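J.: My structure is below; once you've seen it, I'll send some questions.
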Amino acid sequence: MCGIVGAVAQRDIAEILVEGLRRLEYRGYDSAGLAVISNNQIARVRRVGKVSELQKALDEEPVDGSSGIAHTRWATHGEPTESNAHPHFSNERIAVVHNGIIENYENLRSELKSQGYVFASDTDTEVMAHLIERERQSSDSLLDAVLKATKLLEGAYGTVVMELDSPDKLVVARSGSPLVVGKGIGEMFIASDQLALLPVTRQFMFLEEGEVAEISRRSVKILAPSGEEVKREFEESSVQHDAGDKGQFRHFMMKEIFEQPSSISSTLEGRLANDSVIVESFGNKAPELLANAEAVQVVACGTSYHAAMVAKYWIESMVGIPCQVEIASEYRYRKTVAVPNSLFISISQSGETADTLAALRIAKEQGFMASLAICNVPGSSLVRESDMAFMTRAGAEIGVASTKAFTTQLTGLLMLATAMSQTRQTMTEAEIASIVEQLRQLPAEINEALTMDQLIEQVAEEFTEKDHCLFLGRGEQYPIAMEGALKLKEISYIHAEAYAAGELKHGPLALIDQDMPVVVVAPNNELIEKLKSNMEEVRARGGQLYVFADEACEISENSGIKLIHCSAKGSYIAPIIFTVPLQLLSYHVAVIRGTDVDQPRNLAKSVTVE
């Protein structure tokens, strides 16, 4: 999604800013721009499209200067046009770049217009520029002006501000959207992600929530929300980044499994405010549409279909409206009926999946009230053709077997269910706050789940000579069992199937023997006792169980049961947490069996044909 880069240096910094933007391209965007203080004015260049278009413009008309800011934007307020691209100006003296959403921008915009400010864009960010310029007129410094202005803002923002009268300073503010300061030799840098700054520095300092900072070439002054000055040291970073480089990992799939904490952090970035989800994260019209939808229809394929199935449990239990989920290739070829006032949701990593696109186009003729795309690729067909779009921000996923794209889809769908509940008041404020806190803790909990890697590698040894495997789950963990089976079959070539555990007696039990490993997903929820009964049915027939269980489930490891503890501190995020060990299991089994993990036979990353 949106990316920020800024610099206060003693050399021309346009090339540094552009390179920083290039390194953030994996986040997705639809326009790019920069502003540099040059010859006693702020020179600005903006272009719709890729950073390469911005570079072409700079090649034709270079800008020189040692202070500047740059941005890649994914359109939220206003279409992807040059006038809506960042940076935004106020009176040619203040320049602003911004990640996030200002929820009260309409009221502020009306107020500023009444005071004579002229708006040149449709964005919420331009409100910030004019607001800061207004406060600057009665402030001793740009830092003071930003402090005053941010107190009037509601929502999420990571912003960098530059003014013509103070060419040797940048002011930054963080609320719900991360920012990092990089230290060079006699120069300072700012970015929304340290990956943007790795070519120029390895010394970093992360701003904390609510902090505002003044950055000059040799110093950083940080103020806490209380107004007290904060002292913080720079730290050396060992991060390596190249979307086409496996880094320390043997395969892209493993690299992408371990990128999930940072990918989910990107999904959440700028979309949580206080104890709620920012509903506008799903589009300008989302508050009205989500509040008025009387039903939901979701279509997807493969892994995205499994994410949709989990969302069905969330939406129906949290929001209290019906949610139908269907495989896109089935939806497009049968006669379907749209429920009045229903929301159509399509899910795709690439945004170019042929069946999902076709289903969306059919749905647009059927009278759905609106369409929402959950996608990882800005500018894709699915995004362009939907009324609203939620970008998962998973970053480039090269392995064919989807990992971080799946967990970021789940994260976005849980945010969607929460946002719908907020607009309809189907849950209490305390319940909403609890879910939001679970979302905030999700990256750390994924990190914890990744510590199981070595243990699961040992367990994988017991699968290498098997030809078949069964996965079991109940409730919202049933689709997670389906995803685990899909991962195992597509990269290890072991025949794997998933069943709702309650279906064992209706056929699958006939397959159970000592050569059929049974993988069970067992979080601690209201269905755990039922699941234990299903496990006993397997044990009684000589089956070998591999149980991924919460410690609170009180399941003992004994004959026929191999227990792998996996805990989730929150029932709503449990499906996302329990996905991780199943990904690791499929990976290690495939490696031991010697298959092509990243490019399994007969499969492609983006299915753009039927």
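The values are calculated or read from the model by the stated rules, or taken from the named source; none is laboratory data. This is a predicted model, so every value here is computed, not measured. Neighbour counts are summed over all protein chains in view; Cβ atoms, including those assigned to glycine, are modelled from backbone coordinates with ideal geometry.
J.: State all residues of region 495-514 that are closer than 17 Å to GLU461 by Cα, over 31 Å from the mean Cα position of the chain (by Cα) and surrounded by 21 or more Cβ atoms within 10 Å (Cβ to Cβ); if no residue qualifies, say none.
T.: Answer for region 495-514, where residues must be closer than 17 Å to GLU461 by Cα, over 31 Å from the mean Cα position of the chain (by Cα) and surrounded by 21 or more Cβ atoms within 10 Å (Cβ to Cβ): there is none.
J.: Determine which single condition ALA149 fails, assuming it passes every other condition in (1) outside any helix (DSSP H, G or I); (2) buried (at least 16 other Cβ atoms within 10 Å of the Cβ); (3) free of Cβ contacts under 8 Å to residues at least 40 places away in the same chain.
T.: Unmet condition: (1).
J.: Sticking with this structure for a sec: Identify, from the list GLY543, GLY560, GLY594, the residue that is in contact with a helix residue (DSSP H, G or I) (Cβ under 6 Å, 6 or more places away or on another chain) and more than 29 Å from SER329 (Cα to Cα).
T.: After applying the criteria, what remains is GLY560.
J.: In this structure, does PRO517 turn out to be of a type outside the set (S, T, N, Q), over 19 Å from ASP596 (Cα atoms) and either surrounded by fewer than 18 Cβ atoms within 10 Å (Cβ to Cβ) or at pLDDT 90 or above (or both)?
T.: yes
J.: Does ALA293 satisfy the criteria of being buried (at least 17 other Cβ atoms within 10 Å of the Cβ), at pLDDT 90 or above and more than 25 Å from GLN438 (Cα to Cα)?
T.: Considered against the rule, which asks whether it is buried (at least 17 other Cβ atoms within 10 Å of the Cβ), at pLDDT 90 or above and more than 25 Å from GLN438 (Cα to Cα), ALA293 comes out as yes.
J.: Across region 515-559, what is the number of residues that are within 31 Å of the chain's Cα centre (by Cα) and aliphatic (A, V, I, L, M)?
T.: Summing the residues that are within 31 Å of the chain's Cα centre (by Cα) and aliphatic (A, V, I, L, M) in region 515-559 gives 9.
J.: If we keep just the residues of region 350-366 that are outside any loop (DSSP other than H, G, I, E, B) and not aliphatic (A, V, I, L, M), which is surrounded by the most Cβ atoms within 10 Å (Cβ to Cβ)?
T.: In this case the residue turns out to be THR356.
J.: A further question follows. Working only within region 529-552, note down all residues that are surrounded by fewer than 19 Cβ atoms within 10 Å (Cβ to Cβ) and touching a residue at least 12 places away in the same chain (Cβ under 8 Å).
T.: LYS530, LYS532, GLU537, ARG539, ARG541, GLY542, GLU551, ALA552
J.: For residues that are in contact with a Ser or Thr (Cβ under 7 Å, 6 or more places away or on another chain) and among the aliphatic types (A, V, I, L, M), scanning just region 135-169, find the one that is nearest to VAL97 (Cα to Cα).
T.: MET162
J.: Could you grab me the full set of residues in region 399-422 that are closer than 15 Å to THR303 by Cβ and out of contact with any Pro (no Cβ under 9 Å at 6 or more places or on another chain)?
T.: The answer is GLY399, SER402, THR403, LYS404, ALA405, PHE406, THR407, THR408, GLN409, THR411, GLY412, LEU413.
J.: Restricting to region 393-437, name every residue that is under 14 Å from SER265 (Cβ atoms) and at pLDDT 95 or above.
T.: LYS404, THR407, THR408, THR411, GLY412, MET415
J.: Among (1) crowded, with 21+ Cβ neighbours inside 10 Å; (2) touching a Gly at 6+ places or on another chain (Cβ under 8 Å), where does LEU413 come up short?
T.: Result: LEU413 fails condition (2) only.
J.: Restricting the search to region 426-448, which residues are of a type in the set (A, V, I, L, M) and either closer than 28 Å to GLY320 by Cα or free of Cβ contacts under 8 Å to residues at least 40 places away in the same chain (or both)?
T.: Answer for region 426-448, where residues must be of a type in the set (A, V, I, L, M) and either closer than 28 Å to GLY320 by Cα or free of Cβ contacts under 8 Å to residues at least 40 places away in the same chain (or both): MET427, ALA430, ILE432, ALA433, ILE435, VAL436, LEU439, LEU442.
J.: Please enumerate the residues belonging to region 104-141 that are out of contact with any His (no Cβ under 7 Å at 6 or more places or on another chain), small (Gly, Ala, Ser) and in contact (Cβ under 8 Å) with a residue 24 or more places away in the chain.
T.: ALA120, SER141
J.: So, one more: Any idea how many residues of region 94-133 are among the charged types (D, E, K, R) and touching a helix residue (DSSP H, G or I) at 6+ places or on another chain (Cβ under 7 Å)?
T.: Number of matching residues: 3.
J.: Of all residues in region 59-93 being touching a helix residue (DSSP H, G or I) at 6+ places or on another chain (Cβ under 8 Å) and hydroxyl-bearing (Ser, Thr, Tyr), which is nearest to ARG134 (Cα to Cα)?
T.: SER90
J.: Follow-up. On the basis of being touching a Gly at 6+ places or on another chain (Cβ under 6 Å), modelled with pLDDT of 95 or more and not β-branched (Val, Ile, Thr), does PHE189 make the cut?
T.: yes
J.: Report, by residue number, each residue of region 1-54 that is among the hydroxyl-bearing types (Ser, Thr, Tyr) and under 20 Å from GLU92 (Cβ atoms).
T.: SER38
J.: Could I ask something else about it? Condition first: within 19 Å of GLY379 (Cα to Cα) and modelled with pLDDT under 95. Can you find one or more residues in region 2-10 that meet it?
T.: Checked against the condition, which is being within 19 Å of GLY379 (Cα to Cα) and modelled with pLDDT under 95, region 2-10 yields at least one hit.
J.: Additional query: Among the residues of region 553-571, write down those that are surrounded by fewer than 19 Cβ atoms within 10 Å (Cβ to Cβ) and among the small types (Gly, Ala, Ser).
T.: Result: SER556, SER559, GLY560, SER567, GLY570, SER571.
J.: Next question. How about region 161-194: which of its residues are closer than 25 Å to ASN91 by Cα, among the β-branched types (Val, Ile, Thr) and under 22 Å from the mean Cα position of the chain (by Cα)?
T.: If the condition is that a residue be closer than 25 Å to ASN91 by Cα, among the β-branched types (Val, Ile, Thr) and under 22 Å from the mean Cα position of the chain (by Cα), then ILE190 is the only one that fits.
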